[in-house]
Amino acid sequence: MKANVLLATQDKQVSRDLQAGVGDLCRLELSASSGQAYDRLAHKQFDLVVMDIMLPDLDGLELVHALRHAARRDLLVVTLGRMDSLVYLAEPKTWDSVVVPRSARSAVEVVRARLDPAAARTVRDVRYTPKEETFFVAFRNGKTYELSRQVIEADDGTRVVAKPRVIHGGEAFEVRLASGKTYEVAWDFVLYHQEPAYPYHKGRAEQQRAESNRAHRIAARIRQEREARGWSLADLAQRTGIHPPNLSRLESGKHDPSLETLERVAEGLGVRVADLVAN
């Protein structure tokens, strides 16, 4: 389904250029007056608003009021030119705002980055903040997330060496540790932990049910393979390097294992990962 975008301008060239530049990604609705734009914000849900500051009778305070009472709260407001009122009068605000030069080309770039489905799956940049022990991850659609090191199973807790590097065209970022270990963090791992709108976000009830079912299925397979060999948990722990209490949690279905854990267990049992996860 295409996104709904409100374009508030009287500049016909801007309208034509926006339609040509982003028409494949959204339904563009034109408002030629500020009053009409405020009214549409209140009565129709838009995913994004492009506001021309040269629109006659445009009042920053009125716009802020309209945005606070918009039918949809999670908006991106792109202003063609700077509007100080959006910066100074908008707290606490329920939308994001981006200022671009008053040109259709600049607006097209921002709108496409926000609405292109691939942009929501593409890491643009990442920084590590040692004090908080988090990765600040920016996606190409303009959204940013803070990911704690503690949720990354491959992280051994040693110092992060140098700046994390975006790899595979934005599909992941790479982290090097002082221990010599290197690991990758995929875009979907970030969204799984940080983006509530992501279909597979960890907080969604359906995702929690799926993970529970998967964990219990894998648990039964691991226990079946171990018992078929006549091994105790201690025997399997010795072969995998995983502590017995953690193996016990796996076999009870209380932990949905990562791929790295599954690979270690599969190697210890002498089977394929696919043998442990297959339905």
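The values are calculated or read from the model by the stated rules, or taken from the named source; none is laboratory data. Note that the structure is a prediction, hence the values are computed from the model and not measured. Because the Cβ atoms are built from the backbone with ideal geometry, glycine has one as well, and the counts that use them run over all protein chains shown.
Per-structure values
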item	result
Residue under evaluation residue 223, criteria (1) out of contact with any Asp or Glu (no Cβ under 7 Å at 6 or more places or on another chain); (2) basic (Lys, Arg); (3) not in a loop (DSSP other than H, G, I, E, B), criterion not met	(1)
Residue among 204, 229 that alone is basic (Lys, Arg) and either touching a residue at least 12 places away in the same chain (Cβ under 8 Å) or under 17 Å from residue 153 (Cβ atoms) (or both)	229
Residues of the range 232-279 classified as over 25 Å from residue 186 (Cβ atoms), in contact (Cβ under 8 Å) with a residue 40 or more places away in the chain and loosely packed, with under 12 Cβ neighbours inside 10 Å, total	0
Filtered residues of the range 248-272 (kept if in a loop (DSSP other than H, G, I, E, B) and either within 26 Å of the chain's Cα centre (by Cα) or of a type in the set (D, E, K, R) (or both))	254, 255, 256, 257, 258, 272
Out of 18, 7, 58, sole residue that is under 17 Å from residue 116 (Cα atoms) and not β-branched (Val, Ile, Thr)	18
Any hit, the range 203-219, residues being assigned by TED's automatic domain parsing to the domain that holds residue 125, surrounded by 15 or more Cβ atoms within 10 Å (Cβ to Cβ) and of a type in the set (Val, Ile, Thr)	no
Which numbered condition residue 234 fails, given (1) modelled with pLDDT under 90; (2) over 22 Å from residue 166 (Cβ atoms)	(1)
Condition met for residue 79 (crowded, with 17+ Cβ neighbours inside 10 Å, in contact with a helix residue (DSSP H, G or I) (Cβ under 8 Å, 6 or more places away or on another chain), in contact (Cβ under 8 Å) with a residue 40 or more places away in the chain and of a type in the set (S, T, N, Q))	no
Helices (runs of 4 or more DSSP H) wholly inside the range 1-102 containing at least 2 residues that are closer than 24 Å to residue 197 by Cβ	34-43, 60-68
Selection within the range 122-148 - assigned to a loop (DSSP other than H, G, I, E, B) and within 30 Å of residue 100 (Cα to Cα)	122, 140, 141, 142, 143
Residue list for the range 1-29, restricted to those being aliphatic (A, V, I, L, M) and free of Cβ contacts under 8 Å to residues at least 24 places away in the same chain	1, 20, 28
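Every residue, every condition in (1) exposed (fewer than 12 other Cβ atoms within 10 Å of the Cβ); (2) in a loop (DSSP other than H, G, I, E, B); (3) not basic (Lys, Arg), yes or no:
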position: 120; (1), (2), (3): no, no, yes
position: 150; (1), (2), (3): yes, no, yes
position: 191; (1), (2), (3): no, no, yes
position: 201; (1), (2), (3): no, yes, yes
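Here is a yes/no grid of residues against (1) touching a helix residue (DSSP H, G or I) at 6+ places or on another chain (Cβ under 6 Å); (2) at pLDDT 90 or above:
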{"residue": "1", "(1), (2)": "no, no"}
{"residue": "15", "(1), (2)": "no, yes"}
{"residue": "21", "(1), (2)": "yes, yes"}
{"residue": "27", "(1), (2)": "no, yes"}
{"residue": "54", "(1), (2)": "no, yes"}
{"residue": "59", "(1), (2)": "no, no"}
{"residue": "63", "(1), (2)": "no, no"}
{"residue": "85", "(1), (2)": "yes, no"}
{"residue": "99", "(1), (2)": "no, no"}
